[in-house]
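S.K.: This structure is in structure tokens; I'll ask about it shortly.
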Amino acid sequence: MPSAGSASGSVVGLERDAQAGLSVTLIAMGATALQRRHTGGMRVDYSAVSTMVDVVHAAERRAGGLLEGVSIADVVVIPSRSGALLQWATLDRVRQEVFAAEARAMTSTDSGRRHAGCVVLTGTDALEEVAFGLDLWLPASRRPGGATEASQGRPDQTPSVGTGVVVTGAMRPASALGWDGPANLASAAATVASLFRSQFPGGGGAGSTPLVCRAPTGGAAATGVVVAMDGRVHAARFVRKSHTRAMGSFVSSVEAGGAGAGPLAEVRSGCVHWLVGDGCAAAAAAAAGAGRSSGSAAGGPTLHRRVCPVLPPHEPMGEIGLAALEAVVVHSLAAGASAGWPLDGAPASTAAAPRCLVLHGMGTGSLPPGWQEGARQL
């Protein structure tokens, strides 16, 4: 297998797995998943990308099931620094690589492979921001690669380019026992494939997919960007990191019992079990019917499923340029912060002034008098 290397934006084909029906593009940023211990401390080692993909494909060959008919066929490496230094330009680069992967699939002459979507591998410190930023910045109902016709260049005129984006990472580095990177990557790739099969019924073996393994109707257009971590799939809109280092740190919730509470799916028993959408409702009804007809007297297992929540509409912010986002200035109020106007002493020229200012206050938005007076003068 070719090495992923460390060149910015390098695209690597993993030829020996290219015969699979669905292909997934991996966009790898600097992440805990790629860290190895070296003299002097931990460093990101981009060769761990190929190691991770090798482990996933080897496990699939031994056990099979989760990634049947799916391969991680291309790797794009975007070297990036600590999540504390995440910039809009880096996020825009990821977005452009998503479009580029789709565009390559649109012009591919390999009719035996279908591009299911992209997995974005990033550090967990900024995973929430990466996922939510991409969710807002990628139009949910877009044509792949910006094309005006999804079937362009295909003799059978069958739409075959998926637009699903799944973000993942690892809580433990590549040099640690219990490295969770490969398992999370496998879950993410399986989720991309599941979204594709729902987006394009019949295009990836959807006819034989059990009801519980079917994504919501419309696939990625219905879910938006999602996060796959520790065997669970979360909507980017609701996911949060609940612990700094613990496994299973990523959870999703809104107001108790509200729409979007809990994960969208769980990865287990060889498939992605969706807890939202038509498949969940149909499977729950079928299970209830089977229980009524056979009952516990027949010795069959009793299936307990939580009520399928309703997936809220996905409303991305649409096309906003990089320059507009970089012009937004954010100031947060915290205990011990200066009570004076945060822009005092900043250049007064029009060119240097922020085009948009976000003031993050306390509680219901309480601001000190100096902040209030400064805001009134804008």
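The values are calculated or read from the model by the stated rules, or taken from the named source; none is laboratory data. Predicted, not measured: the structure shown is a model, and the values here were computed from it. Counting neighbours? That spans all protein chains shown, and the Cβs are built from the backbone with ideal geometry, glycine included. For the accessible areas, the whole protein counts, side chains as well, though only heavy atoms, and no ligand, DNA or RNA atoms are used. Shrake-Rupley method; radii C 1.70, N 1.55, O 1.52, S 1.80 Å.
S.K.: For a quick check of your reading of the model, give me the residue pairs whose first member lies in segment 16-29 and is on the phi > 0 side of the Ramachandran plot, whose second is crowded, with 24+ Cβ neighbours inside 10 Å and at pLDDT below 85, with beta-carbon atoms closer than 9 Å and at least 6 apart or on different chains.
M.R.: As it stands, the answer is none, since no pair meets every condition given.
S.K.: Hey, among Ala131, Ala105, which residue is touching a His at 6+ places or on another chain (Cβ under 6 Å) and not in a loop (DSSP other than H, G, I, E, B)?
M.R.: Within the list Ala131, Ala105, the selection yields Ala105.
S.K.: Moving on. Among the residues of segment 262-281, is there at least one that is assigned by the TED database to the domain that holds Phe196 and modelled with pLDDT under 60?
M.R.: No: zero hits.
S.K.: If you go through segment 90-97 one residue at a time, do you hit one that is within 21 Å of Pro139 (Cα to Cα), part of a helix (DSSP H, G or I) and free of Cβ contacts under 8 Å to residues at least 12 places away in the same chain?
M.R.: In the first step, residues of segment 90-97 are kept if they are within 21 Å of Pro139 (Cα to Cα); the result is 90-97.
Okay, now just the ones that are also part of a helix (DSSP H, G or I), so 90-97.
Narrowing further to those that are free of Cβ contacts under 8 Å to residues at least 12 places away in the same chain: 96.
Yes, because at least one residue in segment 90-97 is within 21 Å of Pro139 (Cα to Cα), part of a helix (DSSP H, G or I) and free of Cβ contacts under 8 Å to residues at least 12 places away in the same chain.
S.K.: With Val56, Val77, Val12, Val24 as the choices, which residue is part of a strand (DSSP E or B), out of contact with any Phe, Trp or Tyr (no Cβ under 8 Å at 6 or more places or on another chain) and at pLDDT 80 or above?
M.R.: Exactly one residue qualifies, and that residue is Val24.
S.K.: Can you name the condition, by its number, that Gly41 falls short on among (1) open to solvent by 40 Å² or more (accessible area, probe 1.4 Å); (2) at pLDDT below 80; (3) out of contact with any Asp or Glu (no Cβ under 7 Å at 6 or more places or on another chain)?
M.R.: Condition not satisfied by Gly41: (1).
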